[in-house]
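The values are calculated or read from the model by the stated rules, or taken from the named source; none is laboratory data. Being a predicted model, the structure only gives us computed values, none of them experimental. FYI the Cβ positions are ideal-geometry reconstructions off the backbone, even for glycines, and counts take in every protein chain you see.
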Amino acid sequence: MRSLALSFAIVAAALTAAHADPIADRKALMKERGGLVGQIAPIAKGEQPFDAANVAEVFNALQANAEKYDVDALFPADSKTGDTKASPKIWEDMAGFKAQAEKYKADITAAAAAKPQDLDAFRAEFGKVTANCGGCHQAWRL
């Protein structure tokens, strides 16, 4: 009985993976990432007051988002076309693209760990993190 249940679980997991939509998944992660950055960008611009607790919360959420950004799962070879703005350069230089994703992940992890306590410290960390956004979009997005 136990092996039958395990067999069903394996089949169910395989069917779920077979129906995954990596384009939709990566769009959802990027939309979430953009929304999070948008929550604290006004602080960096001086349009909203600095709030250390809010910044820490958003940096932690951005780190969690980066942890879910699995390049291999989100950019399989069969997701080059369709409703996507991903550049073909991604698949031509997958190692470079993965390195860019890892750099972002390292920078947001460092920013979250730094727990900025003032505006200047926040701006320094935020600048490092968002530099990745622009660099990635210029190199890897249509």
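Quick notes on this structure:
- Subset of the range 72-104 (residues that are within 17 Å of residue 31 (Cα to Cα) and surrounded by 17 or more Cβ atoms within 10 Å (Cβ to Cβ)): 74, 75, 84, 86, 101, 104
- Where helices (runs of 4 or more DSSP H) sit wholly within the range 55-142, those with at least 2 residues that are of a type in the set (Gly, Ala, Ser) and touching a residue at least 12 places away in the same chain (Cβ under 8 Å) occupy 94-114, 119-140.
- The residue that is farthest from residue 127 (Cα to Cα), counting only those in the range 11-70 that are among the β-branched types (Val, Ile, Thr) and modelled with pLDDT under 95, is 11.
- Count - residues of the range 120-129 that are surrounded by fewer than 17 Cβ atoms within 10 Å (Cβ to Cβ) and not basic (Lys, Arg): 4
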